[in-house]
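The structure appears right after this line, and notes come after that.
The values are calculated or read from the model by the stated rules, or taken from the named source; none is laboratory data. Treat the numbers as computed from the prediction; the structure is a model and nothing was measured. No Cβ is skipped: glycine too gets one built from the backbone with ideal geometry, and neighbour counts run over all protein chains shown. Ligands, DNA and RNA are excluded from the accessible area calculation, which covers all protein heavy atoms including side chains. Shrake-Rupley method; radii C 1.70, N 1.55, O 1.52, S 1.80 Å.
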Amino acid sequence: MTNVRDILTKYWGYTSFKPMQEKIINSVINGKDTVALLPTGGGKSLCFQIPAIAMDGICIVVSPLVALMGDQVNALKERGIKALKITGGISFDELNTLLDNALYGNYKFLYLSPERLQQEIVQNYIKQMNVNLIAVDEAHCISQWGNDFRPAYKNITLLREIHPLVPIIALTATATPEVLEDTISELKMELPAIFKNSFVRENLSYQVFKEEDKLYKTEQLLKANKGSAIVYVRSRKNSIEISEQLNSLGISATFYHGGISAKEKAQKLQSWRSGTFSTMVATNAFGMGIDHPNVRYVIHLQIPESLESYFQEAGRAGRDGEYAAAVLLYNAYDKKYVYQQFVESLPTASDLKKIYRVLNNYFQIPYGEGEFTKHNFGFSEFCKTYNLNTMLAYNALNSLDRLGIIQLSQEFGRKSFVQFLISSEEVLTYFEKDVTVSVIGKTILRIYGGIFEMATAINLDIIVSKTGQSIETIIAVLKKMERDQVVEMALQITDATLTFLVPREDDKTINVISREVEALNRKKTAQVNSVLNYIANTKTCRSVQLVSYFGETTASKCGICSVCKAKSSKLSKKEMQQIANQILIQLEGGDLNSREISEKLTFAETDILKILRLLMDAEKIKINPRNQYYLN
Ligand code: ADP
Ligand code: MG
């Protein structure tokens, strides 16, 4: 079957293509390297799925997230299309069987994580396959200038070496012109056809508000919400706390972050999708590939680190095309914090020199040597030896990895997570049965508060040193507790390895790359500044600001964002007078803060705030240290 419209109707039941889909599909079928730059929800999956079905052979899909792959493979299977995925946590035998199936079983799609491509057996099988297309989903992950940089994405070029004549399609929803260019060159694409749809989302109202009481504002928004919502927060702890607070306010919410088990993630996602919980309070781990149509609100309670990630996250609202709002709430402290967290912790060239030198000393690498030597690497031990600030050392090592000076294995920075599943009383009874279990268990409870509430990152080295038990015993005890369903955990027990990629030349080594380091730091700083500028710019339509950041300069005003709305809601003189009178009458009854005033009046809160400012300017009212207004 080669008629792409027939495929669309037969397998998906859709009658027409979304913008650009057909052009993209035809470009791929014509054997061209192709870039599909469509916003979230734009229908990128079909852009590689339909050509792969139309052509003989199998399509290799590289995708960054296991959850994404699972969803897509299931969706294909439901439509009667043969697809399989290879993810982590399988034995060598299972891997062999899966690859055998992919090779001989008439499959149309093989989904892989980029890390898998490193395995020789995977490469050998792929060599023998009749590959018709290489699809790279979330392709911006290959660019170190993007937000989701994933070093393993560089392995994708291996596919190109194995099958040099097979076209590549790169799919992404976020790419500034710069990231796009980098993605194309990193993927070694040959004069690709680039298809870009407008990033304007006509049904999405972008709103930015300065709020001292962000939770109150969130409550107001969500109480009126009939669909689903996502509230983005910065930390795992925040996600749990805010979700609890919302629940106590009568909003059905749950939380989601990178530390919870895959099983629990799937459950939470499912119950949010089905409406059991209206609101998901999440860190940015809740993201890529979330395709839930009736999200009416995406609320950010902290300032995001870049407009790239903001646009992605906000874009999860309103995928059904109905009106939805993306609301960013911030206060003065948030502005400072985002700078501290994302700009001030960037390692400078001289930080890198220092870390690189001690790293070489640590492994006793002689000057001029060390190239391609591989070492087992315990990060906490290393930091302890040289008394290093762990955050800075961590960032510096990652930079050295990015810049090709060293290579860190996947295990680097990955942590073990443990969560207790039974109550603290039950745990203590359980401990009574075995003294080793008790010693290790109690130590963990002492060091890690909160381990009953959430999956908590634990450092096995620390437990070794506190208990005097061997690492093997500790792992055995944890595994026993897992079998007994006392804990749930994800253990990271293989040591990371570190490979030096260039001979040791101390400062000289870093001098060569110092310009790149500075460029990277400048880029990060610029990204944070772009967000701060976006927040500060209350003159230009929010939608126009966002899409022009992504290189789209011809968009017109949306009419529904907080900037456009504020402009259109110009109050008449008479209305202003009316609101002012009402406020003054209320204040005659006693001092009130702005919230209390707006609760008593029926006017829009923004209008009330505007009039309060005018009354202040006119010195008719004043404000006390408790933020209450009073008559002057
Ligand atoms: P993206 O990867 O660009 O975010 P998806 O491929 O996940 O988007 O598609 C988003 C939604 O749009 C999916 O539910 C998909 O089934 C639907 N969709 C894709 N193409 C069409 C079409 N031509 N007509 C109607 N719905 C479509
Ligand atoms: Mg997608």
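Numbers below:
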quantity: For region 400-479, convex hull of alpha carbons as volume per residue, Å³; calculated: 116 Å³
quantity: Nearest-0.05 FRET efficiency for Q340 and E371, computed from C-beta distance (R0 41 Å); calculated: 0.65
quantity: Label point distance in nm, K82-V512, each placed 7 Å from Cα along Cα→Cβ; calculated: 4.8 nm
quantity: For peptides 192-199, 302-309, sequence by mean Cβ density within 10 Å, most packed first; calculated: 302-309, 192-199
quantity: For region 516-521, 3J(HN,Hα) per residue [Karplus equation, 6.51 cos²θ - 1.76 cosθ + 1.60, θ = phi - 60°, Hz, x = Gly/Pro]; calculated: 5, 4, 5, 4, 5, 5
quantity: Whole-number percent relative contact order across the chain, with pairs defined as alpha carbons under 8 Å at least 6 apart; calculated: 12 percent
quantity: Additional length obtainable on full extension of the chain from S91 to D495, 0.36 nm per residue less Cα span; calculated: 143.5 nm
quantity: Stretchable slack from L191 to H292, in nm (0.36 nm times residue separation minus alpha-carbon distance); calculated: 32.9 nm
quantity: Built amide H within the under 5 Å cut-off of I194, gap 5+; calculated: V35
quantity: Residues of region 487-508 with amide N under 13 Å of the 7 Å Cα→Cβ point at Q407; calculated: 497-502
quantity: Rounded to whole Hz, the Karplus (6.51, -1.76, 1.60) HN-Hα couplings of region 339-351, x for glycine and proline; calculated: 5, 4, 6, 10, 10, 6, 8, 6, x, 8, 4, 6, 4
quantity: Ordering of 26-33, 539-546 by burial proxy (mean other Cβ atoms within 10 Å per residue, highest first); calculated: 539-546, 26-33
quantity: Three-way shape call for region 196-302 based on the alpha-carbon gyration tensor, with the a/c threshold at 1.5; calculated: rounded
quantity: The chain: antiparallel DSSP beta bridges as a percent of all, rounded to 5; calculated: 30 percent
quantity: Isotropically averaged projected area of region 192-234, using the convex hull of Cα atoms (one quarter of hull area), nm²; calculated: 5.7 nm²
quantity: When each of K154/K196; K354/K479; K196/K523 is checked by Cα-Cα distance, pairs over 29 Å; calculated: K354/K479
quantity: Where region 416-490 is the region considered: accessible area per residue in Å², 1.4 Å probe; calculated: 52 Å²
quantity: Amide H contacts under 5 Å for V61, placed H, 5+ residues apart; calculated: L110, Y111, L112, A135
quantity: Rg over Rh [alpha-carbon atoms, Kirkwood Rh] for region 516-615; calculated: 1.18
quantity: Proximal aspartates and glutamates to K573, defined as alpha-carbon separation beneath 13 angstrom and excluding residues fewer than eight positions away on the same chain; calculated: D607
quantity: Length added when fully stretched, K384-L165, from 0.36 nm per residue minus Cα-Cα; calculated: 73.8 nm
quantity: Virtual paramagnetic centre 7 Å along Cα→Cβ of S350, amide N under 13 Å, in region 478-519; calculated: none
quantity: Note, ³J(HN,Hα) from phi for region 416-432, Karplus 6.51, -1.76, 1.60, rounded to Hz, x at Gly and Pro; calculated: 8, 10, 9, 9, 7, 9, 10, 5, 5, 5, 4, 4, 4, 4, 4, 4, 4
quantity: Value of D in µm² per second that Stokes-Einstein yields for the chain, Kirkwood Rh from Cα pairs, at 37 °C (0.692 mPa s); calculated: 119 µm²/s
quantity: Residue-level accessible surface for L571, protein heavy atoms, 1.4 Å, Å²; calculated: 40 Å²
quantity: Amide H partners (placed H, <5 Å) of F255, local residues excluded; calculated: V281
quantity: Centroid-to-centroid separation of region 291-328 and region 208-239 [C-alpha atoms, Å]; calculated: 12 Å
quantity: Accessible area per residue in Å² at 1.4 Å probe, computed on region 573-617; calculated: 63 Å²
quantity: Distance between modelled label sites at E432 and Q485, nm, 7 Å Cα→Cβ extension; calculated: 2.1 nm
quantity: If the convex hull is drawn through the Cα atoms of region 236-357, its volume per residue in Å³; calculated: 145 Å³
quantity: Share of carbon and sulfur in the accessible heavy-atom surface of the chain [1.4 Å probe, %]; calculated: 49 percent
